[in-house]
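First up is the structure itself, then whatever we jot down about it.
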Amino acid sequence: MNQGFHKYIPFQQIDLPDRQWPSRTLERAPIWCSVDLRDGNQALVTPMNLQEKLDFFKLLVQVGFKEIEVGFPSASETEYEILRELIDGGHIPDDVTIQVLVQAREHLIRRTFEAVRGAKNVIVHFYNSTSALQRKVVFKKDRQGIIDIAVAGARLIRQLIDEDDSGTRFRLEYSPESFSGTEPDFAVDICQAVVEAVGATPEDPIILNLPNTVEMCTPNTYADQVEYFIRHLPARESAIISIHPHNDRGTGVAGAELAMLAGAERVEGTLFGNGERTGNLDLVTVALNLYTQGVDPKLDFSHIDAVREVYERCTRMKVPERTPYAGKLAFTAFSGSHQDAINKGHEYMRQSGSPYWEIPYLPIDPADVGREYEPIIRINSQSGKGGAAFVMDHNFGYHLPKGMHPEFGAVVQAACDRTGRELEADEVKALFDEEFLDIAAPYALSRAKFYEEAVAGASANVTHFSGVLCAGDDFIQLESRGNGPIDAFFGALHLAGIDGYTFLSYSEHAISQGADSKAVAYIELRAPGGRRFWGVGTEHNINFASVKGILSAINRAIRAGMGK
Ligand code: KIV
Ligand code: ZN
């Protein structure tokens with residue numbers, strides 16, 4: 001047994017017995033800030049080039065982000081030049097604020113102000129690391145030494161803003177980087193010192209960003225950290241509380257949602273969770289989680305595939321297939337019972353006219369993210385009878401009667417077992433055609449005619465059937481009358497010696513095939529041995545569709561050795 005776990009120090013819980021966040025609910029969208037072009041970009045194997053950053057920036061604007069961290073311009077010439085192109089090239093809409101990151105160090109701060117010159121709206125985001133571990137291992141400074149770094153940076157930034165004559169509207173953001181590993185009281189102290197140093201006010205608040213730089217605890221503890229911070233910060237009214245979760249434990253989204261309950265008003269993250277190590281917070285998921293709770297997220301993901309396309313092209317990363325809302329398989333059900341429930345949900349929605357989305361196993365309407373045309377139900381050996389019927393209905397317009405589902409389901413299941421793979425919708429249709437529509441032996445109609453005859457003294461007409469039946473090389477003339485087309489045709493079969501079948505049920509509907517419209521008839525018969533068989537016929541005329549359906553059922557029974 002691996003004893004390595006002994007070397008890890010369990011995370012210290014927060015002393016907050018009267019925590020409030022567990023009984024709150026999320027009722028509005030936060031202020032969103034995308035850090036794709038900075039945190040996301042710096043984590044890429046090949047960072048985005050100028051064109052890719054511009055394309056990505058345009059995407060973020062289209063999605064609806066009003067605050068976008070565009071880079072770390074003092075870190076490299078490339079970053080600096082990309083920022084200049086964004087500003088000088090006129091790519092930034094007036095209602096969008098660009099955000100730039102900088103360490104709380106003098107020469108980097110000065111260079112950052114040069115880089116943003118001329119922009120309309122800018123958030124200068126400065127940070128220094130505050131965690132107990134970083135203080136001990138990296139900076140070798142006590143708490144006051146770390147506060148001094150932050151305050152010196154804050155004062156310089158305030159001075160440069162006051163000196164600026166370019167007309168830029170500046171706002172400030174401070175991050176106690178590694179907040180997640182910082183003692184909560186120290187996080188409050190350093191942020192309070194920064195608030196005072198920059199002179200933030202309720203009218204001109206500073207953004208205090210609390211990064212879960214390395215996710216090291218369960219999401220409830222991050223929420224405790226955020227609630228503790230908010231409740232203890234003296235200058236609460238002069239600050240906008242922001243969060244910046246990462247995803248080291250795979251709970252970035254959960255941490256963000258609980259931290260929002262704890263009072264975070266602003267959320268930083270990236271599309272699809274790109275970012276350092278296991279990534280930043282996935283903003284697509286958080287936004288669409290809100291959407292499915294009836295809350296307007298104020299971000300537009302109604303064309304999620306287009307968003308994914310730009311993301312994958314610019315980052316050279318892939319959105320995994322199981323990713324919520326955006327993954328290729330996010331809306332696909334293979335399991336039989338799931339398919340059945342989805343099928344019933346669709347039926348319920350159609351019949352009830354419910355204004356709400358009430359379909360089991362689908363937390364969101366795929367159409368709301370632009371994914372209505374893909375196969376929700378896919379067919380493999382795990383699929384059930386409902387799945388095949390759903391495909392026939394949704395892809396081809398055949399409303400198979402319920403009683404027929406097991407019979408066709410068994411045909412599809414056998415094909416899956418035989419091939420050992422998933423079946424495409426067209427293959428399901430081909431099986432249907434082969435099994436029900438193209439089965440022309442031993443009997444097929446070569447000619448058929450119906451006409452009505454008035455009978456003296458009777459209130460209803462009599463239907464007359466006349467036709468020719470092919471049975472192998474033989475042609476049998478059929479002639480009979482009945483009280484309707486099906487009755488007349490049965491009578492004719494009886495006279496031709498094709499006997500012993502009992503008519504059990506019938507349904508029909510119209511189906512459009514291209515510009516053409518046809519009738520489909522589903523017929524259920526009991527064969528001489530007692531077993532039930534379904535048959536299907538399609539024709540322009542419903543009477544002919546019905547007789548074809550009857551022959552389809554009889555041919556299937558004979559093929560199964562149950563009739564003659
Ligand atoms: O994760 C982090 O702590 C950061 C800060 C610079 C905000 O990216
Ligand atoms: Zn980060």
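The set of residues from the range 266-281 being more than 13 Å from ligand 2 (Cβ to nearest atom) and farther than 14 Å from I31 by Cα comprises L271, F272.
Summed over the range 156-171, the residues that are surrounded by 14 or more Cβ atoms within 10 Å (Cβ to Cβ) and either part of a helix (DSSP H, G or I) or in contact with a His (Cβ under 8 Å, 6 or more places away or on another chain) (or both) give a count of 5.
Being within 16 Å of ligand 2 (Cβ to nearest atom), modelled with pLDDT of 95 or more, farther than 23 Å from R231 by Cβ and buried (at least 20 other Cβ atoms within 10 Å of the Cβ), is that true of even one residue in the range 129-143? Among the residues of the range 129-143, at least one is within 16 Å of ligand 2 (Cβ to nearest atom), modelled with pLDDT of 95 or more, farther than 23 Å from R231 by Cβ and buried (at least 20 other Cβ atoms within 10 Å of the Cβ), which makes the answer yes.
Helices (runs of 4 or more DSSP H) fully within the range 192-309 that include at least 2 residues being within 16 Å of ligand 1 (Cβ to nearest atom): 219-232, 252-261.
If I ask for residues that are open to solvent by 20 Å² or more (accessible area, probe 1.4 Å), assigned to a strand (DSSP E or B) and closer than 21 Å to E524 by Cβ, which ones from the range 464-502 would you list? The answer is T502, and nothing else.
Filtering the range 381-400 to residues that are crowded, with 17+ Cβ neighbours inside 10 Å, modelled with pLDDT of 90 or more and in a loop (DSSP other than H, G, I, E, B) leaves Y398, L400.
Conditions tested, residue by residue: (1) away from ligand 1 (no atom under 14 Å from the Cβ); (2) under 33 Å from the mean Cα position of the chain (by Cα); (3) over 18 Å from E177 (Cβ atoms); (4) in a strand (DSSP E or B).
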site	(1), (2), (3), (4)
E81	yes, no, yes, no
R84	yes, no, yes, no
I98	yes, yes, yes, yes
V102	no, no, no, yes
I109	yes, no, no, no
F113	yes, no, yes, no
A119	yes, no, yes, no
Y127	no, no, no, yes
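Scanning the range 312-343 for residues that are open to solvent by 40 Å² or more (accessible area, probe 1.4 Å), touching a residue at least 40 places away in the same chain (Cβ under 8 Å) and in a helix (DSSP H, G or I) yields a count of 2.
The residue list I558, I511, I523 contains one member that is surrounded by 13 or more Cβ atoms within 10 Å (Cβ to Cβ) and outside any strand (DSSP E or B), which is I558. Total residues in the range 518-562 satisfying the condition of being touching a helix residue (DSSP H, G or I) at 6+ places or on another chain (Cβ under 6 Å) and small (G, A, S): the figure is 7. Within the bounds of the range 26-33, is there any residue that is assigned to a helix (DSSP H, G or I), open to solvent by 30 Å² or more (accessible area, probe 1.4 Å) and either more than 16 Å from ligand 2 (Cβ to nearest atom) or over 19 Å from S242 (Cβ atoms) (or both)? No, that holds for no residue. L210 - would you say it is away from ligand 2 (no atom under 14 Å from the Cβ), in contact (Cβ under 8 Å) with a residue 12 or more places away in the chain and over 16 Å from the mean Cα position of the chain (by Cα)? No: the conditions fail for L210. Out of everything in the range 174-187 that is within 38 Å of the chain's Cα centre (by Cα) and part of a helix (DSSP H, G or I), what residue ends up being farthest from ligand 1 (Cβ to nearest atom)? By that ranking, first place goes to P184.
The values are calculated or read from the model by the stated rules, or taken from the named source; none is laboratory data. Fair warning: this is a prediction, and the values are worked out from it, not measured in the lab. Here the Cβ is made from the backbone with ideal geometry for all residues, glycine too, and neighbour counts use every protein chain on show. We work out accessible area using only protein heavy atoms, side chains counted, and drop any ligands, DNA or RNA first. Shrake-Rupley method; radii C 1.70, N 1.55, O 1.52, S 1.80 Å.
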